[in-house]
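J.: Here's a structure for you.
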Amino acid sequence: MTPWRGPVIVTGTDTGVGKTIVTAAIAATATQAGLRVAVVKPGQTGIADGGETDADAIQRLAGPATVRTLASYPDPLAPLAAARVAGLAPLVLADVLGCVEELAAGHELVLIEGAGGLLVPMGAGGWTIADLAIALGAPAVVVARAALGTLNHTALTLEALDRREVPAGIVVGAWPDRPELVHRTNLSDLTGELAGALPDGAGGWQPARFRQQAAEWLAPELHGTFDAEKFRSAASSI
């Protein structure tokens, strides 16, 4: 498959599924392949605790050419709700589109990381990451859990994307070192194209190790060498 270029959406089945680390892995792999990569985080929430932001984590792990956060809000809520609670201006879809199009002119790959799941309200008027994907004509990476509950969440997300005619691939955000029966059966039963799987805890690796191994976790469309058939076969034999 031809590797994806231009704008690419990174969304998830839920919050906390590993979108940021998957975004970092794609950025690292594409950068190692010689592409100039930009990463955009339209809305960062939960900054009041002063911890590492998603943009910080991506810059640390992957070191892409450009990392940009468009709006930040104190409370760990959906971006539209976080803006309302804080009395701050919500994100405007046209502004996000303008930023992505500007970055696309100087980068071969622009990764846009959403917040929470596909249909979380992102900004003014309740626009979602699904709306952004349609407006950009961009494919989507769906980051999913390995554990119980992932089959329904993943199927619903893929169905929503398919209805909008948005191409999509699934990346498992954190595959355990010792997968249990539920992980193995979930992997077998996931619908859609498996485009990668990251090892659990990869976000805590040293950047040099992360960048060196990231290509192994991602399929060719994401600039890596991951083989879904081999991975499924190996997982089922454990």
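Rule-based calculations on the coordinates, nothing more; no lab input. Predicted model, so just to flag it, every value in this text is computed and none were measured. Heads up, the Cβs are rebuilt from the backbone with ideal geometry, glycines too, and the neighbour counts pull from every protein chain shown.
J.: May I ask what percent, to the nearest 5, of DSSP beta bridges between residues of the chain are antiparallel?
T.: Details: 1 of 31 bridges.
In the chain, approximately 5 percent of DSSP beta bridges are antiparallel ones.
J.: Give me the number: length gained by fully extending Glu180 to Asp162, i.e. 0.36 nm times residue separation minus the C-alpha to C-alpha distance, one decimal in nm. Walk me through the numbers on the way to the answer.
T.: Values: separation 18, 0.36 × 18 = 6.48 nm, distance 3.03 nm.
Using 0.36 nm per residue and subtracting the Cα-Cα distance, I get 3.4 nm.
J.: Also, I was wondering about something else. Local charge sum around Pro139 (other residues, Cβ-Cβ under 11 Å, Lys/Arg +1, Asp/Glu -1)? Don't skip to the end; give the middle numbers.
T.: Working: positive: Arg5; negative: Glu165, Glu193, Glu221.
Cβ neighbours under 11 Å give a net charge of -2.
J.: Just to check, using Stokes-Einstein with a Kirkwood Rh over alpha carbon pairs, what's the diffusion coefficient of segment 6-236 at 37 °C and 0.692 mPa s in µm²/s?
T.: Values: Rh = 17.5 Å.
The diffusion coefficient I find is 187 µm²/s.
J.: Could you put Asp189, Asp54, Asp177, Asp200 in order, starting from the residue whose Cβ has the fewest other Cβ atoms within 10 Å? Working shown, then result.
T.: Working: Asp189 11, Asp54 22, Asp177 7, Asp200 17.
By the 10 Å Cβ count, ascending, the order reads Asp177, Asp189, Asp200, Asp54.
J.: Excluding Ala65 itself, calculate the net charge of residues whose Cβ lies under 13 Å from the Cβ of Ala65, where each Lys or Arg counts +1 and each Asp or Glu counts -1. Can you show the working numbers first?
T.: On the way: positive: Arg36, Arg68; negative: Glu108.
Within the 13 Å Cβ shell, the charges total +1.
J.: Given the options Ala195, Ala234, Gly126, identify the residue whose Cα lies farthest towards the positive end of the charge dipole of segment 6-236 (+1 on Cβ of Lys, Arg; -1 on Cβ of Asp, Glu).
T.: Ala234
J.: Right, another one. How far apart, in nm, are two points set 7 Å out from the Cα along the Cα-to-Cβ line at Gln206 and at Glu193?
T.: With each label placed 7 Å out from Cα toward Cβ, I get 3.6 nm.
J.: Then there's this: Where does the chain land at 222 nm, in deg cm²/dmol rounded to the nearest 500, when only DSSP H runs of n ≥ 4 count, each adding -39500 (n - 2.57), divided by all residues? Spell out each step's value before the answer.
T.: Values: 9 runs with 90 residues, N = 238.
After summing the helix terms and dividing by the residues of the chain, the value is -11000 deg cm²/dmol.
J.: Where Lys and Arg each count +1 and Asp and Glu each count -1, what net charge lies around Ala55 among other residues with Cβ under 14 Å from its Cβ? Don't skip to the answer; put the middle values down first.
T.: Working: positive: Lys19, Lys41, Arg60, Arg68; negative: Glu52, Asp54, Asp56, Glu113.
Local charge sum for Ala55: 0.
J.: Given R₀ = 30 Å, what would the calculated FRET efficiency be for Ala81 paired with Asn152, taking r from the Cβ atoms and rounding to 0.05? Could the numbers behind the result be given before it?
T.: On the way: r = 24 Å, r/R0 = 0.80.
E(calc), rounded to 0.05, equals 0.80.
J.: If you place +1 on the Cβ of every Lys and Arg, -1 on the Cβ of every Asp and Glu, and leave all else neutral, what size is the dipole of the chain about its Cα centre, to the nearest 20 Debye?
T.: Working: 16 positive and 24 negative charges, 53 e Å.
Dipole magnitude for the chain comes out near 260 debye.
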